[in-house]
Amino acid sequence: MTDPAHQYTATSIDEKTVDADPSNLFQRWLDEAIAAGIHLPEAMTLATATSDGKPSARLVLLKQIDERGFVFFTNYNSPKARDLDSNPQAALVFYWPQFERQVRVEGTIERTSAAESDAYFKTRPRESQIGALASPQSEVIASRKFLEQQAVELTKRYEDREVDRPAHWGGYRLRPERIEFWKGRPSRLHDRILYERQGDTWSIKRLAP
């Protein structure tokens, strides 16, 4: 059987012909990864730094993408949230090895509105809603049993009603200032196309691999 990603591994990207809006190119690449059946194509590395510059990184899931930016959701009491609130700049990396494609995003961060966070929370599976309430994310806990007991108690509490979005859980939006699209090519002569925000438009440049 032909690998569904094979048709994309031989393609290239050209700074003279790419879409003027990087969000359109990103959406096309993401759609193609989804169509190919790649596991968790929306997974992205989120890099943050404390106010004094100490970096950290972890994988999170992209939940929304539009002209305003890239949206993910998390616990506002978590270390990454504390980083983002004190130093509202971050970087994202998407990597689809089956396509030899990578996207790097850098920009500023802001919290989504409460209405946006409420709307997304309602779309989550009920078990995930309970989990958001049950877990004191990144805090030291005595055992897994503690989490399981929390989940059981909350399931009973919300048995006959909707699960409330906890005030400490919500979204962040990264407003991109730089987006780089990388496409693997033979002999390590890879394509690297850089978009940089210029007011309401984008400049487009080719970088050496």
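Table for the structure above
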quantity	calculated
Residue that is farthest from residue 85 (Cα to Cα), among those in segment 124-179 that are aromatic (Phe, Trp, Tyr) and under 22 Å from the mean Cα position of the chain (by Cα)	169
Number of the exception - residue 206 against (1) within 22 Å of residue 22 (Cβ to Cβ); (2) open to solvent by less than 70 Å² (accessible area, probe 1.4 Å)	(2)
Strands (runs of 3 or more DSSP E) within segment 94-209 that include 1 or more residues small (Gly, Ala, Ser) and within 21 Å of residue 76 (Cα to Cα)	101-111, 169-183
Counted residues, segment 92-105 - those being over 16 Å from residue 61 (Cβ atoms) and surrounded by 13 or more Cβ atoms within 10 Å (Cβ to Cβ)	6
Enumeration of residues in segment 22-39 that are within 21 Å of residue 195 (Cα to Cα) and open to solvent by 50 Å² or more (accessible area, probe 1.4 Å)	24, 27, 28, 31
Residue count, segment 57-87 (criterion: closer than 26 Å to residue 23 by Cβ, open to solvent by 60 Å² or more (accessible area, probe 1.4 Å) and in a loop (DSSP other than H, G, I, E, B))	3
Answer residue from segment 121-135, given it is open to solvent by 40 Å² or more (accessible area, probe 1.4 Å) and in contact (Cβ under 8 Å) with a residue 40 or more places away in the chain and is nearest to residue 71 (Cα to Cα) among those	122
Single match in 112, 108, 201, 155 (criterion: farther than 17 Å from residue 18 by Cβ and either touching a helix residue (DSSP H, G or I) at 6+ places or on another chain (Cβ under 7 Å) or open to solvent by 70 Å² or more (accessible area, probe 1.4 Å) (or both))	155
Single match in 91, 43, 47 (criterion: among the hydrophobic types (A, V, I, L, M, F, W, C) and touching a Phe, Trp or Tyr at 6+ places or on another chain (Cβ under 9 Å))	43
Selection status of residue 50, among the β-branched types (Val, Ile, Thr), modelled with pLDDT under 95 and either on the phi < 0 side of the Ramachandran plot or touching a Leu at 6+ places or on another chain (Cβ under 7 Å) (or both)	no
Within segment 17-50, considering residues that are in contact (Cβ under 8 Å) with a residue 12 or more places away in the chain and of a type in the set (D, E, K, R), the one farthest from residue 95 (Cα to Cα)	21
Residue 54, sole failed condition from (1) surrounded by fewer than 18 Cβ atoms within 10 Å (Cβ to Cβ); (2) in contact with a helix residue (DSSP H, G or I) (Cβ under 6 Å, 6 or more places away or on another chain); (3) within 21 Å of residue 139 (Cβ to Cβ)	(2)
Residue among 64, 98 that alone is within 26 Å of residue 28 (Cα to Cα) and touching a Gly at 6+ places or on another chain (Cβ under 9 Å)	64
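The values are calculated or read from the model by the stated rules, or taken from the named source; none is laboratory data. Keep in mind that what you see is a predicted model, and the values were worked out from it rather than measured. Heads up, the Cβs are rebuilt from the backbone with ideal geometry, glycines too, and the neighbour counts pull from every protein chain shown. Side chains included, ligands, DNA and RNA excluded: accessible areas come from the protein's heavy atoms. Shrake-Rupley method; radii C 1.70, N 1.55, O 1.52, S 1.80 Å.
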